[in-house]
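The block underneath contains the structure these notes are about, expressed in structure tokens.
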Amino acid sequence: PGNLLDPRLAPDGQRGVVGEDGPHGTEWWRLDLARDTTPRFNVGAGSSEIPLWSPDGNEIVFSSNRDGVYSLYRKPANGAKEEELLLRTKQNIGAFCWSRVGQFMLYDSSPGPTFVTRDWWVRPLEGERTRLPFIQTRFVEVMGASTRSGRSMASISDETGREVG
């Protein structure tokens, strides 16, 4: 019982992760749908949001504000090791799409705590890991998703003048 946040299914459809408002931030639970179990998935202090499964289902990336700004962390999906910092910038960031073969991650960036103005960036996960701009406009683009082929992206935008959100 409680306020559940950001439920996400793994690519295999047999596992998931879900957050719950706790007294010291978000508490995360792994869901094993085949075994009907929900072990705790510890992700450290602070508020944590927006879990994203790797394409192979072995890792979960999430945003946490434990250091005052939302940064990206990654952790094995089985919870066997502590999370590691993946990316920190001066702005709040949240990952929303992982390339099908796992080479790139798309994330959005916002100077404010409410993610009102967003730019999209690509973060290579192999080789030189320099972030690259993907979409940078004066508009708000949210809820980015990739097609199955990985060749196209879709999002919701306020470019038409209608409010997003």
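The values are calculated or read from the model by the stated rules, or taken from the named source; none is laboratory data. For clarity, every value in this text was computed on a predicted model and none was experimentally measured. For neighbour counting, all protein chains shown are included, and Cβ atoms are generated from backbone atoms with ideal geometry for every residue, glycine included. Just the protein is used for accessible areas: all its heavy atoms, side chains included, with ligands, DNA and RNA removed. Shrake-Rupley method; radii C 1.70, N 1.55, O 1.52, S 1.80 Å.
To the nearest 0.05, what FRET efficiency results for His24 and Asn78 with a Förster distance of 22 Å applied to their C-beta separation?
Rounded to the nearest 0.05, the efficiency is 0.40.
In nanometres, what is the gap between the two model label sites at Gln136 and Asp158, each 7 Å from Cα along Cα-to-Cβ?
Distance between label points: 2.1 nm.
Given axes a ≥ b ≥ c from the Cα gyration tensor, I'd like to know whether the stretch 65-165 is rounded (a/c under 1.5), prolate (a/b larger than b/c) or oblate.
Verdict is oblate for the stretch 65-165.
Per residue, how much accessible area does the stretch 28-94 show when a 1.4 Å probe rolls over the protein heavy atoms, in square angstrom?
About 49 Å² of surface per residue is accessible.
How much FRET efficiency would the formula 1/(1 + (r/R0)^6) give for Ser146 and Asn3, where r is the Cβ-Cβ distance and R0 is 30 Å, rounded to 0.05?
0.55
By how many nm would the segment from Gln14 to Leu125 grow when fully extended, if each residue of separation counts as 0.36 nm and the alpha-carbon distance is taken off?
Fully extending the segment from Gln14 to Leu125 adds 37.4 nm.
Have a look at Ser64, Ser149, Ser48 and tell me which one the Gaussian network model of the chain (Cα, springs below 10 Å) gives the largest fluctuation.
Answer for the Gaussian network model of the chain: Ser149.
Label the stretch 37-86 by shape, choosing from rounded, prolate and oblate, from the square roots a ≥ b ≥ c of the eigenvalues of the Cα gyration tensor; if a/c is under 1.5 it is rounded, and otherwise prolate applies when a/b is larger than b/c, oblate when it is not.
Prolate shape, in that a/c is at least 1.5 and a/b is the bigger ratio.
Which of rounded, prolate or oblate describes the stretch 1-104 when judged by the alpha-carbon gyration tensor and an a/c cut-off of 1.5?
oblate
Along the charge dipole of the chain, which of Gly19, Ala45, Ser157 sits closest to the positive end, that is, farthest toward it, with unit charges on the beta carbon of Lys, Arg, Asp and Glu (+1, +1, -1, -1)?
Going by the charge dipole, the pick is Ser157.
What's the carbon and sulfur percent of the stretch 24-111's accessible surface, probe 1.4 angstrom, rounded to a whole number?
48
Expressed as a rounded percentage, what relative contact order does the stretch 1-85 have, with Cα pairs under 8 Å and six or more residues apart?
Reported as a whole number, the value is 20 percent.
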